[in-house]
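**Student:** This is the structure I want to talk about, given as structure tokens.
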Amino acid sequence: MTGCGGSSTPGASTDTGKVADDGKITMGFSQVGAESGWRTANTKSVQESAKSAGVELKFSDAQQKQENQIKAIRSFVQQKVDVIAFSPVVESGWDTVLKEAQNAKIPVILTDRAVDSADKTLYKTFLGSDFVEEGKKAGQWLVEEYKDSKDPVNIVELQGTTGSAPANDRKAGFAEVIAADPKFKIAASQTGDFTRAKGKEVMEAFLKSTPDIDVLYAHNDDMGLGAIEAIEGAGKVPGKDIKIITVDAVKDGMQALADGKISYIVECSPLLGPQLMDLAKKVVAGEQVPERVVTEETTFTQEQAKQALPTRQY
Ligand code: AHR
């Protein structure tokens, strides 16, 4: 089923009314980029799973630019792929291109990140984490950690890519939980674009502009790891002078947690490939799929990181 038109061999029917010839699905996949260790692991998971599921993958890297993703989706529509999957770099601005895919009767699956389209018929399902919940878990750890302290707690926040679902939701979930106690104050909050280099750069600026930082909340490990370099460069001890909470739990982050430089990590799993291929096969076969599939995730303390590290896959 490559969308190449007529076939004499019956196969799975799609909502395009096409019939599979060799039964092989072609998926157009538009990836955000390669901004973080999480993203690299996610790309690997999608590519390996496509291979083992017998799905022909047309992979496109958007280099963190929405216009590149829109171009890639249009090209997948022109190529008449069987299904399009993509991880939207930002939440808004997708309706027109998604409508084009819908008009071409090509089903779309959102993976990892959400869109804010009011029209939910523009995509079949959304597979990925609950980012608000991740932000809440980060806040809950902080509240517990400082439960016996009456002093103000100065927090700086490194946000993910501006306008992206994980940046919006991780910020909101965290803010909701810490709002319960006025001693928690977000002294500065800026984007570090989910990259190590930007995390370092913004943390250097925070260290100059914001006195007495107690806690850094970074929306991913990579920004936290960049910030550690900035903190050490300023002669401070990460994990002691400044407590650090991050999200993801990639190997480098887990190592920094085990070493005591990071204090707590909320897991965000990049291993979405197998579920994505299952959903794609069902969607192409015209089967019903849940409109939301939430990834199962946990959290890690320093002790738990030491135990998990030897078998961590990514
Ligand atoms: O959308 C998932 C987020 O994107 C990851 O937490 C971050 O590392 C990545 O860049």
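The values are calculated or read from the model by the stated rules, or taken from the named source; none is laboratory data. Note that the structure is a prediction, hence the values are computed from the model and not measured. Cβ placement follows ideal geometry from the backbone for every residue including glycine, while neighbour counts extend to all protein chains displayed. Ligands, DNA and RNA are stripped out before the accessible areas are found, and what is left, the full protein with its side chains, is counted by its heavy atoms. Shrake-Rupley method; radii C 1.70, N 1.55, O 1.52, S 1.80 Å.
**Student:** When only residues in the stretch 162-196 that are in contact with a Lys or Arg (Cβ under 9 Å, 6 or more places away or on another chain), open to solvent by less than 30 Å² (accessible area, probe 1.4 Å) and outside any helix (DSSP H, G or I) count, which is nearest to CYS268 (Cα to Cα)?
**Tutor:** The extreme case among them is PHE194.
**Student:** Checking THR2 against (1) of a type outside the set (A, V, I, L, M); (2) modelled with pLDDT under 95; (3) within 16 Å of the ligand (Cβ to nearest atom): exactly one of these is not met. Which one?
**Tutor:** The single condition THR2 does not satisfy is (3).
**Student:** Please verify whether GLY135 is under 15 Å from the mean Cα position of the chain (by Cα) and under 17 Å from TYR264 (Cβ atoms), treating the condition exactly as stated.
**Tutor:** On the way: under 15 Å from the mean Cα position of the chain (by Cα): yes; under 17 Å from TYR264 (Cβ atoms): yes.
Spelling it out, GLY135 is indeed under 15 Å from the mean Cα position of the chain (by Cα) and under 17 Å from TYR264 (Cβ atoms).
**Student:** Of the numbered conditions (1) assigned to a strand (DSSP E or B); (2) within 30 Å of LYS200 (Cα to Cα); (3) among the small types (Gly, Ala, Ser), ALA34 fails exactly one; give the number of that condition.
**Tutor:** (1)
**Student:** If a residue must be in contact with a strand residue (DSSP E or B) (Cβ under 9 Å, 6 or more places away or on another chain) and touching a residue at least 24 places away in the same chain (Cβ under 8 Å), how many such residues does the stretch 95-119 contain? Can you show your working first?
**Tutor:** Within the stretch 95-119, the first condition is being in contact with a strand residue (DSSP E or B) (Cβ under 9 Å, 6 or more places away or on another chain), and the residues that meet it are 98, 101-102, 106-115.
Restricting the remaining residues to those that are touching a residue at least 24 places away in the same chain (Cβ under 8 Å) gives 98, 101, 106-115.
Counting residues in the stretch 95-119 that are in contact with a strand residue (DSSP E or B) (Cβ under 9 Å, 6 or more places away or on another chain) and touching a residue at least 24 places away in the same chain (Cβ under 8 Å) gives 12.
Here's the yes/no breakdown for (1) within 30 Å of LEU142 (Cβ to Cβ); (2) out of contact with any Leu (no Cβ under 9 Å at 6 or more places or on another chain):
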{"residue": "LEU271", "(1), (2)": "yes, yes"}
{"residue": "GLN275", "(1), (2)": "no, no"}
{"residue": "LYS281", "(1), (2)": "no, yes"}
{"residue": "VAL284", "(1), (2)": "no, yes"}
{"residue": "GLN302", "(1), (2)": "yes, no"}
{"residue": "ALA305", "(1), (2)": "yes, no"}
{"residue": "ALA308", "(1), (2)": "yes, yes"}
{"residue": "GLN313", "(1), (2)": "yes, no"}
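**Student:** Could you tell me which residue of the stretch 36-51 is farthest from the ligand (Cβ to nearest atom), considering only residues that are under 13 Å from the mean Cα position of the chain (by Cα) and open to solvent by less than 20 Å² (accessible area, probe 1.4 Å)? Please lay out each step first, then the result.
**Tutor:** Let us first name the residues in the stretch 36-51 that are under 13 Å from the mean Cα position of the chain (by Cα), namely 36-43.
Next cut, open to solvent by less than 20 Å² (accessible area, probe 1.4 Å) only: 36, 38-39, 41-42.
Numbers: SER36: 4, TRP38: 3, ARG39: 5, ALA41: 9, ASN42: 8 Å.
If we take residues in the stretch 36-51 being under 13 Å from the mean Cα position of the chain (by Cα) and open to solvent by less than 20 Å² (accessible area, probe 1.4 Å), then ALA41 is farthest from the ligand (Cβ to nearest atom).
**Student:** Test of understanding: among PRO166, PRO238, PRO152, which residue is touching a residue at least 24 places away in the same chain (Cβ under 8 Å), closer than 30 Å to GLN63 by Cα and not small (Gly, Ala, Ser)? Give the steps one after another, and end with the answer.
**Tutor:** Values: PRO238 fails: closer than 30 Å to GLN63 by Cα; PRO152 fails: closer than 30 Å to GLN63 by Cα.
Just one listed residue meets the conditions, PRO166.
**Student:** Yes or no: GLU232 free of Cβ contacts under 8 Å to residues at least 12 places away in the same chain and acidic (Asp, Glu)?
**Tutor:** Values: free of Cβ contacts under 8 Å to residues at least 12 places away in the same chain: yes; acidic (Asp, Glu): yes.
Criteria met by GLU232.
**Student:** To continue, here is another question. Would you point out the residue of the stretch 207-228, among those that are away from the ligand (no atom under 16 Å from the Cβ) and in contact with an Asp or Glu (Cβ under 9 Å, 6 or more places away or on another chain), that is nearest to ALA41 (Cα to Cα)?
**Tutor:** VAL215
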